[in-house]
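First up is the structure itself, then whatever we jot down about it.
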Amino acid sequence: MRYMVERNFVRVVGTIWMPPITAAYEYPLTNYDIENIGEFTRDNVERWMRSHTGDFQFITDFYATVGDAEIPWATEEGELTYSDCMCPAE
């Protein structure tokens, strides 16, 4: 038997409030969130993030996925910063 697990999320990189440092976080997306985002475009996800990512002063880059659709990082630097924050070198 084979099971399919669908993970919908937005990974963000930006500056948090206190202390004001660069940080990363993965926001899981519920069906309600996906409905509020509407059409899965970069602009719509950015609009949704403005009211749902209060831990951050501002978001510098993000990666999002819903089902088979994905919105890639805008820059390679954003992806590398996310990796550095989530898996720091020892």
For this session: Kindly list the number of the only condition in (1) touching a residue at least 12 places away in the same chain (Cβ under 8 Å); (2) charged (D, E, K, R); (3) assigned to a loop (DSSP other than H, G, I, E, B) that fails for ARG2.
Result: (1)
Exercise. If we keep just the residues of the stretch 1-57 that are of a type in the set (D, E, K, R) and touching a Ser or Thr at 6+ places or on another chain (Cβ under 9 Å), which is surrounded by the fewest Cβ atoms within 10 Å (Cβ to Cβ)?
Worked result: ARG7
For this session: Search the stretch 6-35 for residues that are under 16 Å from SER83 (Cα atoms) and modelled with pLDDT of 95 or more and pair each with any residue that is assigned to a helix (DSSP H, G or I) and among the β-branched types (Val, Ile, Thr) when their beta-carbon atoms are under 6 Å apart and the residues are at least 6 apart or on different chains.
Result: VAL13/THR81
Problem set entry | THR60 being part of a helix (DSSP H, G or I), among the polar types (S, T, N, Q), modelled with pLDDT of 95 or more and surrounded by 10 or more Cβ atoms within 10 Å (Cβ to Cβ) | no
For this session: May I ask you to list pairs of residues, at least six apart or on different chains, whose Cβ atoms are under 7 Å apart, with the first in the stretch 75-86 being assigned to a helix (DSSP H, G or I) and the second being acidic (Asp, Glu) and at pLDDT 95 or above?
Result: GLY78/ASP61
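The values are calculated or read from the model by the stated rules, or taken from the named source; none is laboratory data. Quick caveat: nothing in here was measured; it's all calculated off a predicted structure. FYI the Cβ positions are ideal-geometry reconstructions off the backbone, even for glycines, and counts take in every protein chain you see.
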